[in-house]
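Notes for the one structure printed next.
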Amino acid sequence: MKTREEVYGVLCDLLVNMFEVEADDISGSANLYEDLDVDSIDAVDLVVELKSITGKQIDPDEFNSVRTVDDVVSTVVGILGIE
């Protein structure tokens, strides 16, 4: 993943495939927990999958502050050093 848009696309695919989220429900401002019904166990699974895809360690404490799809994208972009 080399752009913010690619990160967003990968995240959307993960949400659809791992958690059966409807693609139409996903937007940057969608709250993972309230709008997309992702729970804390799902969030851990998402972190594990993102680590597998990126090859980078994701600090669970950093991930605790994410609430929206854009928050996740920004976290991954920061970890990957994408501008």
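As a test of the formula, what do you get for the chain when each DSSP H run with n ≥ 4 contributes -39,500 (n - 2.57) and the sum is divided by the residue count, at 222 nm and rounded to the nearest 500 deg cm²/dmol? Don't jump to the answer; show the numbers that get you there.
Details: 4 runs with 47 residues, N = 83.
Estimated from H runs of four or more residues: -17500 deg cm²/dmol.
Could you pull out every residue, at least 5 positions away or on a different chain, whose amide H is within less than 5 Å of the one on THR68? Hs are placed 1.01 Å off N in the peptide plane, and Pro or chain starts have none.
Residues meeting the amide H criterion: LEU32.
Just how large is the dipole of the chain about the Cα centre, in debye to the nearest 20, putting +1 at every Lys and Arg Cβ and -1 at every Asp and Glu Cβ?
Values: 5 positive and 20 negative charges, 102 e Å.
That gives a dipole near 500 debye.
Pairs of alpha-carbon atoms within less than 8 angstrom and 6+ residues apart define the contacts here; what relative contact order does segment 4-80 have, in percent? Before the final figure, lay out each step's value.
Details: 56 pairs, mean separation 31.3, N = 77.
41 percent.
Go through GLY28, GLY9, ILE53 and say which Cα lies farthest out towards the positive end of the charge dipole of segment 4-80; charges sit on Cβ, +1 for Lys and Arg, -1 for Asp and Glu.
Sorting the options by dipole projection puts first ILE53.
Among 71-79, 30-38, 17-25, what's the highest-first ranking by average C-beta atoms within 10 angstrom per residue?
Numbers: 71-79: 18.4, 30-38: 16.1, 17-25: 11.6.
Per-residue Cβ counts within 10 Å, averaged per peptide and sorted highest first, yield 71-79, 30-38, 17-25.
A short reminder: the numbers here are calculations on the coordinates, not readings from a lab. Keep in mind the model is a prediction, meaning the values are calculated, not measured. Note that each Cβ is placed from the backbone with ideal geometry, even for glycine, and that neighbours are counted across all protein chains shown.
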